[in-house]
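Below is one structure, written out as structure tokens; the observations come after it.
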Amino acid sequence: MSSDFYNTSILPYAGIILKLCRAYTNSQEDFEDYYQEVCLQIWRSRENFREESQWSTWIYRITLNVCLTLLKKKKNNTQHFASDYLPLEQAEENSAFADENLNELYKAIRQLSEIDRAVIMLYLEEKTYQEIAEIIGTNPNNIGVRINRIKERLKILLDGKVN
Amino acid sequence: MEKSIESIWKEGFLKKDALVAPKINDLYNQKSKHIVDKFKRMFKINLIAIVIFSLVFMVITTINGLPIVGISWFLILIGLVVVNKKLMNGLEEIDYHANSYTYLLSFNKWLQEQLAINRKMARIYYPLFFLSIVVGFWFVDAEGIPMGERLVGEVLYGFPDLYLVNGVPLIGIVLILIIVSMLALFGGRIYDMDVYIVYGRMFNKIEELITDLEELRS
């Protein structure tokens, strides 16, 4: 991957990738692997970008697809990739951010289903229901209800853990 | 809970160093070595499977009165395994510490040479497989006499004017020769199809990696 492409087309959107990858990984090692794989896929898919959507939407889509694919692969190969299925008590050791509340939020998000993780991350990134539906490939009508349900679940998971 | 998840999210990412991108490193090196290691493993398993199959096949065919087929197949397949085992030793000469591009190119060169040798061998062993089946069945005991002779007798009963060469109908010899020639002619292609069923995806992956790397170098 040329450094030009990385610097101009990926790095300005690295935040998107980092935030999503963190939600699908439990260890720093996995996180870095996911991040690299996403960058590589973006570079490989760059010629398929048709400008029908924003570049950032395109990046969200690729990131999600890569994360879900890698997660699926790891599920099929838990012996080799046990780090993705750390028991909760071990997963809680993984504090990637300086902000403790954010670490707690991520721990809670990681306990959601794969799709719910994607939905709530996109919601927190202030994507519209239409955009969320477009990125995930679902009906926008159900997104609002789903988000409320996820938020309720997160509230329960975070109860007493944040201040 | 005092804070909303929205505010935790926003405030958390406002902090310095909340989003530091990891360095892109060595991914292609890891991928190249991973795919070549995977191929080596598959290749080894394949050779072991051939040895096991040839032994089991020899036992089964011998028990069922077709020892010529079993023994011939065993010898041909063991020959194949020996040649491929020697070819595999060439893999060890590839410098594992070279950069991904050189490493993949060396591996691909080895692979193409290995495929070319096997393709040539296939043009010999596919006809041999077929001939061993024909000969094997010819000598199967059919109520005291070889099945081949019995069949010829029955055919001659219906077609008494058939021309025989050493007791075998000429038409049969011609048919066998045609099939043997076809197998010798298309053995390489049959081998390609055979090998692509097992390794096709991996070959594509290697080509894809090399193309990516060439693009990166340009």
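The values are calculated or read from the model by the stated rules, or taken from the named source; none is laboratory data. On a predicted model such as this, the values are computed, not experimentally measured, just so you know. A quick note on method: Cβ atoms are made from the backbone with ideal geometry, for glycine too, and the neighbour counts reach across all protein chains shown.
Observations on the model:
- For A:Leu20, the test of being away from chain B (no Cβ under 13 Å), surrounded by 15 or more Cβ atoms within 10 Å (Cβ to Cβ), under 13 Å from the mean Cα position of the chain (by Cα) and at pLDDT 85 or above is failed.
- Qualifying residue in the range B:148-164 (condition: over 30 Å from A:Ile42 (Cα atoms), part of a helix (DSSP H, G or I) and under 34 Å from the mean Cα position of the chain (by Cα)): yes
- Pair list, Cβ under 8 Å, 6 or more apart: the range A:100-118 residue within 17 Å of B:Ile8 (Cα to Cα), other residue of a type in the set (Ser, Thr, Tyr) and buried (at least 17 other Cβ atoms within 10 Å of the Cβ): A:Arg110/A:Tyr24; A:Arg117/A:Tyr24
- Check on A:Leu102, touching a Gly at 6+ places or on another chain (Cβ under 8 Å) and facing another protein chain (nearest Cβ under 9 Å): yes
- Yes/no for B:Ile8 being surrounded by 16 or more Cβ atoms within 10 Å (Cβ to Cβ), modelled with pLDDT of 85 or more and within 13 Å of chain A (Cβ to nearest Cβ): yes
- A:Lys73 fulfils the conditions (1) under 17 Å from the mean Cα position of the chain (by Cα); (2) modelled with pLDDT under 80; (3) surrounded by 15 or more Cβ atoms within 10 Å (Cβ to Cβ) except for a single criterion, (3).
- The residue of the range A:23-49 that is surrounded by the fewest Cβ atoms within 10 Å (Cβ to Cβ), among those that are polar (S, T, N, Q) and more than 9 Å from chain B (Cβ to nearest Cβ), is A:Asn48.
- Comparison of B:Phe129, B:Phe107 shows that the only residue that is modelled with pLDDT of 95 or more and part of a helix (DSSP H, G or I) is B:Phe129.
- Cβ separations smaller than 8 Å between residues 6+ apart or across chains give the following pairs from the range B:146-171 residues that are closer than 26 Å to B:Gly65 by Cα and free of Cβ contacts under 8 Å to residues at least 40 places away in the same chain to residues that are assigned to a loop (DSSP other than H, G, I, E, B) and of a type outside the set (Phe, Trp, Tyr): B:Pro146/B:Val140; B:Met147/B:Val140; B:Glu149/B:Gly167; B:Arg150/B:Glu143; B:Val152/B:Gly167; B:Val155/B:Leu162; B:Leu156/B:Leu162; B:Pro169/B:Leu162.
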